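The values are calculated or read from the model by the stated rules, or taken from the named source; none is laboratory data. The structure presented is a predicted model; accordingly, all values stated were derived computationally and were not measured. Don't worry about glycine lacking a Cβ; one is built from the backbone with ideal geometry, like all the others, and counts go over all protein chains shown. We work out accessible area using only protein heavy atoms, side chains counted, and drop any ligands, DNA or RNA first. Shrake-Rupley method; radii C 1.70, N 1.55, O 1.52, S 1.80 Å.
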Amino acid sequence: MSNTYKYINILNSRWKIFFYLFVIVLVNVVIYSGSFKNGFLPYLDDGKLIINNLLVKGFSFEGIKKIFTERVYGLYHPLTTLSWAIEYYFMGT
């Protein structure tokens, strides 16, 4: 019988972890839900780094090569630029 109680305790602890994780995710979604409708801010760095960036709009093998070799406005962040390029390729503007 003690094995049954251990099994029940393990299940209860797993459900507690999933419950706490769900609550954390839910709280974050509620807190940041107002920002989902916001767009880019072209007068800040979004205009230079995303909207008018030819590396983001020109997604090709040559463009990926340039993303990892060139700086954009003095900044070098190739993984971020690559993720923007992939998003722009699949989602558009």
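Observations
- Of all residues in region 82-93, those being out of contact with any helix residue (DSSP H, G or I) (no Cβ under 9 Å at 6 or more places or on another chain) and outside any helix (DSSP H, G or I) number 1.
- Residues being open to solvent by less than 100 Å² (accessible area, probe 1.4 Å), under 24 Å from Gly92 (Cα atoms), touching a residue at least 24 places away in the same chain (Cβ under 8 Å) and assigned to a helix (DSSP H, G or I) are represented in region 72-81 by at least one member.
- Just one residue in the set Val29, Val23, Val56, Val72 is more than 28 Å from Ile86 (Cβ to Cβ) and β-branched (Val, Ile, Thr); that residue is Val23.
Condition check ((1) among the basic types (Lys, Arg); (2) in a loop (DSSP other than H, G, I, E, B); (3) surrounded by 13 or more Cβ atoms within 10 Å (Cβ to Cβ)) across all residues:
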position: Ile24; (1), (2), (3): no, no, no
position: Val30; (1), (2), (3): no, no, no
position: Gly34; (1), (2), (3): no, no, no
position: Pro42; (1), (2), (3): no, yes, no
position: Asp46; (1), (2), (3): no, no, yes
position: Ile50; (1), (2), (3): no, no, yes
position: Leu55; (1), (2), (3): no, no, yes
position: Ile64; (1), (2), (3): no, no, yes
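- Check on Tyr43, at pLDDT below 85, of a type in the set (Ser, Thr, Tyr) and farther than 26 Å from Glu87 by Cβ: no
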